[in-house]
Each structure stands twice: as C-alpha cells, then as structure tokens.
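Step one of this worksheet: look at the structure below.
The values are calculated or read from the model by the stated rules, or taken from the named source; none is laboratory data. Values in this document were obtained by computation on a predicted structure and should not be read as measured data. Virtual Cβ from ideal backbone geometry, glycine too; neighbours counted across all protein chains shown. The accessibility values were calculated without ligands, DNA or RNA, using every heavy atom of the protein model including side chains. Shrake-Rupley method; radii C 1.70, N 1.55, O 1.52, S 1.80 Å.
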Amino acid sequence: MEFQAGKSRVVIKEGDIVREETEAIVNAANETLLGGGGVDGAIHRVGGPQILEECKKIGGCKTGNAVITSGGRLRARYVIHTVGPVFRGGGRGEPELLASCYRRSLEVASTQGIKSLAFPSISTGAYNYPIEKASRIAIKTVVDCLGNHPEIQEVRFVLFSSKDFAVYQDAVKELK
Ligand code: AR6
C-alpha cells in the first residue's frame, strides 16, 4: 500500500527491515544504544560490529530522540537509532515521546541529506505500546512532518507480521 504525502511517497509493507534498500533504516533502540532484541538485535547481527562501535562513541540517546550511525554491512547506508517510550498506560507522556521519535528521525535524516528511509513499528514490541494506538501516531506524525522535509522522497513502514501490516493499513484509511 502506498500514498502521497505532499511531495513524498509513503509505503506501508510487510517485511524484515534489515533487508530494506532505503538509504537509512530506523532502529527501535534503547537509551544505552548497546543493542538488545527485536529490531535492534537484528540490525546489529546483520550490520556487524561497526554499528556498535559507533554507538559506543555516541554514548547513548534519550527517549524520544534519534542519532545516526553508518549501516555497517547492511544494505542501507545509515542506521538512525531512536528510543521509543516504554508503554505504562499512556498517561506518562508516551504519545508525545513516540511522536518525537518519528519527528526527530526525519530531522536527522534530512540533516544528513537522506532521501529515503524505513521505519519499524517503534515501541510496539518489548516496550508494549498497543499497536492500534502507536500506528496512528506513527503515520500522522510522519505525514505532518514530511511537510517540513519535501526533500525526503520516500518513507516506508516495514511491519513484521501480516497482523501488524493490517493494523497500519487501517490507520492510514482512518487518517484519510
Ligand atoms: N523487521 C521489522 N520489524 C521487526 C523486526 C524486523 N527484523 N523484528 C521485530 N520487529 P522491538 P521496541 C517488530 O521489541 O518495542 C530491544 O531490545 C516487532 O514485531 O524491536 O521499541 C531494544 O534494545 C515489533 O512490532 O522494539 C529495546 O530495549 C516492532 O518491531 C527494546 O527492544 C518493535 O519491537 C525496544 O522495544
């Protein structure tokens, strides 16, 4: 599924983000930037040790923020590491922090001159954010922010299961 957001194309697809050939892929990291499971584990496993070396030099990342490293042996040239909020009911700033992840990732991409990037569904795995809520925040924030970054030609959302893919498709239909 795809649609236009201003001058940019937004693609929603099912897949494994480490296989994406966008210029950058986004990692659902934690504040230490030292690796973990889920998307983070897959990115470091496939990308190799160079990514971790660069993460150690950066020294960490606050929840809601984003930093960039090279992509090591990944197809993508860069990895943008962002730290989603742990979901604790939704009343502790989680929606704003999750939106900030998408906004900051696009800002970092734009600063680096990146024209295409792929997002996973941040916070909806180990961090327990309900995907029905998170998907709506993800899509709305990206669509809104792309207005500020017309140079970004394509943003993909890469969902790991057909169920998650369906939830994101519903979120797009709702937004329109
Ligand atoms: N490609 C695309 N999506 C994936 C992949 C993949 N290869 N692997 C998992 N997903 P998670 P979080 C989906 O747990 O919730 C790590 O340990 C997964 O099904 O990766 O932000 C970090 O170090 C889910 O829908 O990220 C942190 O400690 C979504 O990606 C913590 O987990 C996000 O799941 C971050 O938790």
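Using helices alone, I'd like the mean residue ellipticity at 222 nm for the chain: each DSSP H run of four-plus residues gives -39500 (n - 2.57), total over residue count, nearest 500.
Rounded to the nearest 500, it is -12500 deg cm²/dmol.
Relative to the compact-globule scaling 2.2 N^0.38 Å, provide the ratio for the alpha-carbon radius of gyration of the chain.
For the chain, the normalised Cα radius of gyration is 0.93.
Please compare each pair in 13/173; 133/173; 140/173; 7/115; 13/62; 57/115 to a cut-off of 19 Å on the Cα-Cα distance and tell me which ones are over it.
Violating the 19 Å limit, Cα to Cα: 13/62; 57/115.
So, with a 1.4 angstrom probe, what is the percent of accessible area on segment 130-176 that is carbon and sulfur?
Heavy-atom surface of segment 130-176 belonging to carbon and sulfur, 1.4 Å probe: 54 percent.
Could you give the radius of gyration (one decimal) and Dmax (whole number) of the Cα atoms in segment 112-176, in Å?
Final numbers for Rg and Dmax: 12.2, 33 Å.
What does the accessible area per residue of the chain come to in Å², with a 1.4 Å probe and no ligands, DNA or RNA counted?
Per-residue accessible area for the chain comes out at 47 Å².
Scan segment 101-169 for GluC sites (Glu not before Pro) in coil per DSSP, keeping those whose Cβ has at most 15 other Cβ atoms within 10 Å, and list them by number.
151
Over its Cα atoms, what ratio of radius of gyration to 2.2 N^0.38 Å does segment 54-122 give?
Rounded to two decimals, the normalised Rg is 1.16.
Taking loop as defined by DSSP and a crowding limit of 12 other beta carbons within 10 Å, which GluC sites (Glu not before Pro) in segment 1-75 fit?
21, 31
About the Cα centre of segment 2-175, how large is the charge dipole given +1 on each Lys and Arg Cβ and -1 on each Asp and Glu Cβ? Please answer in debye to the nearest 20.
With only Lys, Arg, Asp and Glu charged at Cβ, the dipole is about 140 debye.
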